[in-house]
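Everything on this sheet refers to the single structure shown next.
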2 protein chains.
Amino acid sequence: MRESQAAEARPYHHGDLRRALIDAASRVLESEGPSALSLRAVAREAGVSPAAPYHHFKDKTELLEAVAHEGWTLLDAALAAAKAKAPSAAEAMNELGVAYVCFARENPALYRVMYDTARDREDLPDEMQGDKDSAYCKVRDTLVDAGADPTEALDIELATTAAWCSAHGLAEMAGFKQFQHLKDACGGERAFFKAVFQHMGLVPKHLAD
Amino acid sequence: MRESQAAEARPYHHGDLRRALIDAASRVLESEGPSALSLRAVAREAGVSPAAPYHHFKDKTELLEAVAHEGWTLLDAALAAAKAKAPSAAEAMNELGVAYVCFARENPALYRVMYDTARDREDLPDEMQGDKDSAYCKVRDTLVDAGADPTEALDIELATTAAWCSAHGLAEMAGFKQFQHLKDACGGERAFFKAVFQHMGLVPKHLAD
DNA sequence: AAAGATATCTTGACGACGTTCAGATCAATG
DNA sequence: CATTGATCTGAACGTCGTCAAGATATCTTT
């Protein structure tokens, strides 16, 4: 779970190049976009030679996966915060959805790396669906709290999947120009997200506010 | 002179290299995947020099957009066929959704190119939302036929957007390994898609079968 | 039919990329 | 203090996107 954090686990040559490379990659990603995220650019940003990363990552892919890992952790934190501040379970589902899409909108390049690597492996990372308090379980538990029948196991899994897919779909499309007039009509982006979620089966309709 | 296919609009040097390049790109995409789709590989597949494509496309991006255009046309046809064979308007929404996701599953590389180019431009292509019988309008009309109030213009737009985003989200996630056990539990992939759609707000619940 | 204009394609080159490998450098161990 | 092994550099290879210059085929004009 917890990788090296402070500069004491890896008192190596550079200090902690692995960490430095991930940070450099995030910096390049944010300032130059996903298309500029080359291994050489990351090495340049970190101040090392183009071959240096290969002592910490097998591949460019492996570096991207580390960056994505960082992203899933951030997303998880954002969802946890959203769930914590929701007044009711029914509203928590909407809050989760809005927080999810907002995260994607605020970190578009990172979000893209997260799902690009996932699709390449046809596999979602463990942070999302692995242990007890993964993001997936967070959504599922919220659904149960909102009134879903906990004895209908398959149904709950399907509803959780539906919610996740819906949020992901909106997250990927939210940036398209075509939706600008809808955002305006709704009175802002967040309001637009909320409105779209109202039309998705996120939570049983009679529970929605 | 040998004619490759029904092309009289461009009796040029090669016959119709533009068309040949798009076809070659589709072939490469299908057999080698999106990561192998380089301009040079396409030119190789078409039997021309690496610089030849630049007389028909400004960019690699422009070639990819042409390939994507092809994809949107195919998707549109698939949706039209699904809508045509649906017995009722309410079922038509489910049929549309399933057809959409099945298309993405059967042409994963193409589907990825379609949305990658769209996201790069932050713009969906005209084929999807442009004129009267675009795919977007097809979904919206189906919604109205299924009982949505046609006087609530904003609501209908939002519902259409919600449906599209939901379908796209499921289409992108459908390949993930995590969902295999759900597909098995539902008795196949199509059944899984239908079941997930049941949990999305695709169509007013009282109308769903 | 000849000739000039124009569109198409090839050749060759440039810089950037991912990756590898031999060698240099530095931290820790015995 | 010498050895070892991990860490980093430098140079190289093949591939990529792209461009400029030249060759070649088609179209137009006479």
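The values are calculated or read from the model by the stated rules, or taken from the named source; none is laboratory data. Quick caveat, the model's predicted, so the values are computed rather than measured. Virtual Cβ from ideal backbone geometry, glycine too; neighbours counted across all protein chains shown. For accessibility, only protein heavy atoms count, side chains too; no ligands or nucleic acids. Shrake-Rupley method; radii C 1.70, N 1.55, O 1.52, S 1.80 Å.
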Open item on the list: Give me the one-decimal nm value for the distance between modelled label points at A:His55 and B:Thr151, 7 Å along each residue's Cα-to-Cβ direction.
Closed with: 7.4 nm
Task: Inter-copy spacing of A:Pro50 label points, which lie 7 Å from Cα along Cα→Cβ, given in nm from shortest upward - done: 1.5
- [ ] Go ahead and set up a Gaussian network model of chain B, Cα springs under 10 Å, then flag whichever of B:Val42, B:Val144, B:Val98 fluctuates most.
- [x] B:Val144
Task: Table column - 3J(HN,Hα) (Hz), the range B:81-92, Karplus curve with 6.51, -1.76, 1.60, x for Gly and Pro - done: 5, 5, 5, 5, 8, 7, x, 9, 5, 5, 6, 4
- [ ] Could you check which residue among A:Glu122, A:Glu45, A:Glu62 shows the biggest mean-square fluctuation in a GNM of chain A with a 10 Å Cα cutoff?
- [x] A:Glu122
TODO: Please give the residues of the range A:109-144, grouped as numeric ranges, whose backbone N is less than 14 Å from a label point set 7 Å along the Cα-to-Cβ vector of A:Glu30.
DONE: A:109-111
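Hey, got a sec? Which trypsin sites (Lys or Arg not before Pro) in the range B:108-179 land in a DSSP loop and have at most 13 other Cβ atoms within 10 Å?
Working: sites: B:Arg112, B:Arg119, B:Arg121, B:Lys132, B:Lys138, B:Arg140, B:Lys177; in loops: B:Lys132.
For trypsin sites (Lys or Arg not before Pro) across the range B:108-179 that sit outside H, G, I, E and B with at most 13 neighbouring Cβ atoms in 10 Å, the list reads B:Lys132.
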- [ ] Quick one: with label points 7 Å out along Cα→Cβ, list the inter-copy distances for A:Ala77 in nm, shortest first?
- [x] 4.9
- [ ] Along Cα-to-Cβ, 7 Å out, sits the label point; list in nm, shortest first, how far the one on A:His14 is from those in the other copies.
- [x] 4.2
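If you place +1 on the Cβ of every Lys and Arg and -1 on the Cβ of every Asp and Glu, how big does the dipole about the Cα centre of the range A:52-209 come out, in debye to the nearest 20?
On the way: 16 positive and 26 negative charges, 129 e Å.
The dipole of the range A:52-209 has a size of about 620 debye.
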Open item on the list: Using a Gaussian network model on chain B with a 10 Å cutoff between Cα atoms, which of B:Pro87, B:Pro34, B:Pro125 fluctuates the most?
Closed with: B:Pro87
Open item on the list: Using +1 at the C-beta of Lys and Arg and -1 at the C-beta of Asp and Glu, which of A:Ser166, A:Leu17, A:Pro34 has the Cα lying farthest in the positive direction of the dipole of the protein assembly as shown?
Closed with: A:Leu17
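Carbon and sulfur: what percent of chain A's accessible surface (1.4 Å probe)? Before the final figure, lay out each step's value.
On the way: 5140 of 10020 Å².
Carbon and sulfur atoms account for 51 percent of the accessible area of chain A.
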TODO: On a C-alpha basis, how far is the centre of the range A:118-189 from the centre of the range B:55-119 in Å? Whole number, if you could?
DONE: 23 Å
TODO: List the accessible area buried at the contact between A and B, summed over both sides and calculated with a 1.4 Å probe, in Å² to the nearest 100.
DONE: 3900 Å²
- [ ] Would you check the accessible area of B:Arg40, probe 1.4 Å, heavy atoms only, in square angstrom rounded to 10?
- [x] 150 Å²
Task: Scaled radius of gyration (Cα, divided by 2.2 N^0.38 Å) that the range A:61-207 gives - done: 1.03
- [ ] Show which aspartates and glutamates lie in cross-link reach of A:Lys183 when reach means a straight Cα distance below 19 angstrom and same-chain residues fewer than eight apart are skipped.
- [x] A:Glu95, A:Glu106, A:Glu172, B:Glu122, B:Asp123, B:Glu152, B:Asp155, B:Glu157
- [ ] Could you give the C-alpha radius of gyration of the protein assembly as shown expressed as a fraction of 2.2 N^0.38 Å, taking N as the number of residues it contains?
- [x] 1.05
